[in-house]
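Participant: Structure below; questions to follow.
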Amino acid sequence: MIYETELPKTVASRSSGMICAGVSVFLFKTVKEENAMEVEIGRKVLETNDAHARQNRERFAAAGVFVLNMMSSPGSGKTTLLEKTLVRIMPEIRCGVIVGDICTTNDADRLARSGAPVTQVNTDAFGGDCHLAAHVIGRAADGFDLENLDLLIVENIGNLVCPAEFDIGENGRTVVLSVTEGEDKPAKYPHMFRKCDSAVLNKIDLLPYLDFDMAAAEGFIHQVHPDMPIFQLSAKTEAGMGPWLNWLTTQVAESRSAR
Amino acid sequence: MHEMGIAMQVVEIAAASVPAHIQSPRVEQVNLKIGKLSSVVPDSLRFCFEVITKDTPLEGAVLNIEVAPVVARCRDCGVEWTIEDAVFRCKECSSGSVEVISGRELDIISIEIAD
């Protein structure tokens, strides 16, 4: 027995036990329970997060702030990159930072020295989550004077898997990969590298001590995401920072002029 | 890693979809469609689902997961193909302008309730 509900549906059509949705055709299951009632739902599992993300995006657009979601595995150097980035682009670009970690305020303490307003989100209060969800970003954004910001950077939790799945209402995404991590990370974590708009290859000052194959790393990135801008740099020595800063400030300027 | 949060959302949506007129409903099956490009591990999701449905109308329900392949379309030559090994470059014309048309799904399709 089929029970129709009033819920929105994404399922395209139904015929004799088969569902056609998009390009795939499949059987629900081979044996159907006797006397079972099937309720069609057809909803996105993360629709609540997506709704929060939409609200965030509208709010950020209304305030005229560009939001960058920065993601990477733990220890790739996101915080150092941000410290050096903030120093170079402030005060011309008014910046704020939301930094996510499972525990500690170490990163927020480091970033606050730049003079930018910084909010630390610790996800242990939310069950030690491995990513920042949209409602968490919405709450963290309450602590900022968004009208007086040009750029809000979200330093996501170190993880190449989960943060890619959760839209937070950002306008741009950057993935940071350090040269100590192995060239094939983009092929191993394609979702993350597909989703991001630019990639930073950090810690190039260590190249003389490593067997890292830069051409192979760039090849893997472009295999997963052809034409994605890649910035080779060392946040520590500040070598190669120019192109990265140009890209970032151009994103902010373009979003400003689009308004 | 984030499967617990996803399992909680599945349970919330499934529980809210049980028609109100059913007395002490028992959900037997939950049908999901998950794209290969979404970062969800089916076994982890099943484990989390089992843990959080204890003592609810969904306890013991089977989680049927249909894994959707990653299908891409070339914006330049229009060819569509299934991506197996994370190479997002057109297999015909090598264009990098490729649109992913399937493989990111994370949908709850339906539930089945014992009458």
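Participant: Out of everything in region B:97-111 that is more than 7 Å from chain A (Cβ to nearest Cβ), closer than 30 Å to B:Val27 by Cα and not basic (Lys, Arg), what residue ends up being surrounded by the most Cβ atoms within 10 Å (Cβ to Cβ)?
Facilitator: Result: B:Glu105.
Participant: Okay, moving on. Any residue at all in region A:193-207 that is within 14 Å of another protein chain (Cβ to nearest Cβ), surrounded by 23 or more Cβ atoms within 10 Å (Cβ to Cβ) and more than 21 Å from A:Phe66 (Cβ to Cβ)?
Facilitator: Among the residues of region A:193-207, at least one is within 14 Å of another protein chain (Cβ to nearest Cβ), surrounded by 23 or more Cβ atoms within 10 Å (Cβ to Cβ) and more than 21 Å from A:Phe66 (Cβ to Cβ), which makes the answer yes.
Participant: Scan region B:52-93 for residues that are within 22 Å of A:Met228 (Cβ to Cβ), part of a loop (DSSP other than H, G, I, E, B) and not charged (D, E, K, R) and jot them down.
Facilitator: Residues satisfying the conditions are B:Cys77, B:Val79, B:Ala86, B:Val87, B:Phe88, B:Cys90, B:Cys93.
Participant: Further question on the same structure: If you go through region B:47-56 one residue at a time, do you hit one that is more than 8 Å from chain A (Cβ to nearest Cβ), polar (S, T, N, Q) and surrounded by fewer than 20 Cβ atoms within 10 Å (Cβ to Cβ)?
Facilitator: So far as region B:47-56 goes, yes, one or more of its residues are more than 8 Å from chain A (Cβ to nearest Cβ), polar (S, T, N, Q) and surrounded by fewer than 20 Cβ atoms within 10 Å (Cβ to Cβ).
Participant: For region A:56-103, name all the residues that are part of a helix (DSSP H, G or I) and under 20 Å from A:Met241 (Cα atoms).
Facilitator: Those that are part of a helix (DSSP H, G or I) and under 20 Å from A:Met241 (Cα atoms): A:Lys78, A:Thr79, A:Thr80, A:Leu81, A:Leu82, A:Glu83, A:Lys84, A:Thr85, A:Leu86, A:Val87, A:Arg88, A:Ile89.
Participant: Among (1) surrounded by fewer than 16 Cβ atoms within 10 Å (Cβ to Cβ); (2) at the interface with chain A (Cβ under 7 Å from one of its Cβ atoms); (3) within 23 Å of A:Asp184 (Cα to Cα), where does B:Ser94 come up short?
Facilitator: Going through (1) surrounded by fewer than 16 Cβ atoms within 10 Å (Cβ to Cβ); (2) at the interface with chain A (Cβ under 7 Å from one of its Cβ atoms); (3) within 23 Å of A:Asp184 (Cα to Cα) one by one, B:Ser94 breaks only (2).
Participant: Also, I was wondering about something else. Considering only residues of region A:157-206 that are of a type in the set (Gly, Ala, Ser) and part of a helix (DSSP H, G or I), which is nearest to A:Thr119 (Cα to Cα)?
Facilitator: Here the residue is A:Ala164.
Participant: Considering only residues that are more than 8 Å from chain A (Cβ to nearest Cβ) and free of Cβ contacts under 8 Å to residues at least 40 places away in the same chain, look in region B:30-46 and name the one that is farthest from A:Ala187 (Cα to Cα).
Facilitator: B:Arg46
Participant: Does at least one position in region A:194-204 carry a residue that is among the acidic types (Asp, Glu) and free of Cβ contacts under 8 Å to residues at least 24 places away in the same chain?
Facilitator: Checked region A:194-204: no residue is among the acidic types (Asp, Glu) and free of Cβ contacts under 8 Å to residues at least 24 places away in the same chain.
Every number in this text was worked out from the coordinates using simple rules, so none of it is lab data. All of these numbers come straight from a predicted model, not from anything done at the bench. Neighbour counts run over all protein chains shown; Cβ positions are idealised from the backbone, glycine included.
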